[in-house]
Amino acid sequence: MHCTVQPGRYCMAFPSEAADPVSGNPQGSRNVEDGGNSALSNLWCQEKTLQGIVVTLRALSQAAERLVSSDLCGPDEISFRDRHFRSRFGMNVKKSLKLRWLSSLAVVFLSATIFVSAAGAQTLRDALAGKQVVLEGASLPNLDNKITSGAELDDANQFVIAYYLDDGSGQLNPPLFVERFDRKSKTWQSGALGKVGTAEAPSLCFGSVLDISSLPDQLILETHISPSAGCALIVSRELKLEATLDGWVLGHFEDGTIAYHRSQVHFATVHPSRIAVYSEHNRKDFTIFPPQTESPVRARLTAALRDFFQTHQDYCVKANDPCDPAEFDSALAGKIALDEREHAIAFVISYELQGYGQDQSKPSGPSQVTYVYRNVNDEAKVEYRELLPEDLKAQFGDISLQELLEPDRLDVLFQKRTSAKAARTKLSSPRAAVPTAQRRLHPPASP
């Protein structure tokens, strides 16, 4: 059960109980509870402009305090979801404690003082007005029904809308309807996901639709669970559900390989990020971060934490910290970079403490560590490298993540070349590499 969110509005729910609605193993499977307890007592809806204010304040605070996302009605546990403001602002994690408190107070203030009653839901016909689609003769049974909590994709090739029917209950009840208009053939396709009696996806995945993006042969519908948890529904061109990913999309390649951030739980003491890849070719889903083989940075932090926990047994109980030296804070800092040619990905991770009751004397790691992967479309061939800022600069100079993914630099990084100096000389001109047209990056559309 999910809260209904009117188009252009966002909701904030303060749970009366604490529960863990999402837990996943390294293979990415999940054991979820329905969000029934999340249709909670205190529900505050506010206009999108107010949501923007809060998101901006969050972007100026430490990324650990990521409380606001596109749609904040959800299950009992509110967890991290930094996708929107990170993709919008490309923020580093480290920000001041004062701004963190300021943003938290702003959220409370806006939630406690501003109440905007939900406006009457629009009909599907209303939503299609002005979209340059053909309605005459279209078989759209819901055309004059009220709809809610949907999203649209509007490009040169197609118009897609995904939505729920507003049945007046204030809840989102499947099915999730998908309508697609092909601009070339001037024809409509219709689909319905999660019909009663089918086992297509966990019921928790049928929350408000946050975003729709397009692959060559599929659509990706991203739905809301909580500010840090969601589902990515992979839908065929026939509008049939093909796969469900537990998290939110970071980017994708033209062959349908998707990089995504696995869902997290917010009100825990420790928040480790997990980044995964879904390969459309073999329908496999696997985690690439944390790496399967322990890296030097992570090994040092694990050793420091092991020593700390041995001498601070009382801290574990006091802070409700699992005190597992292999589980520690890690946060994706900014956007990821992708390159089609070698299915390469690069991103930055911060290992700073994210708060939430942790002792400031608890060991933490560097604020910026760069990870570079290639062959992410094939689990058996995935390679990665870990780079501290000083090592990255010494080897390649001041370059962006996207520039780091040039094939010649990847050769150096993965030791196919014997001389890093020779490669740096060859690439001394920033435009001397491959034409821009061959460097394709496909981040998800901003909401």
Sorted by Cβ neighbour density within 10 Å, fewest at the top, the residues 312, 271, 224, 281: 281, 312, 271, 224
task: Pairs of lysines 8 or more apart, or on different chains, with alpha carbons under 26 Å: count those in region 124-283, would you?
output: 10
message: Let's test the formula: R0 of 30 Å, r as the Cβ-Cβ distance of residue 145 and residue 283. What FRET efficiency results, to the nearest 0.05?
response: 0.30
message: How far apart, in nanometres, would the label points at residue 341 and residue 414 be if each is projected 7 angstrom from Cα along the Cα-to-Cβ direction?
response: 1.3 nm
task: Would you give the gap between the C-alpha center of region 137-192 and the C-alpha center of region 386-404, rounded to a whole Å?
output: 45 Å
task: Distance check, please: which entries in 284/335; 335/393; 284/362 exceed 27 angstrom between their Cα atoms?
output: 284/362
- request: Would you mind checking which residues have amide H under 5 Å from residue 123's amide H? H placed 1.01 Å from N; only 5 or more apart, or other chain.
  value: 147
Residues of region 281-300 with amide N under 17 Å of a point placed 7 Å along Cα→Cβ from residue 378: 281-286
task: Starting with the highest mean, order 171-181, 352-362 by the number of other Cβ atoms within 10 Å, averaged over the residues of each peptide.
output: 171-181, 352-362
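Only the coordinates and a few stated rules stand behind these numbers; no lab work does. Please read all numbers here as calculations on a predicted model, not as lab measurements. As a convention, Cβ positions derive from the backbone with ideal geometry for all residues, glycine included, and neighbour counts pool all protein chains shown.
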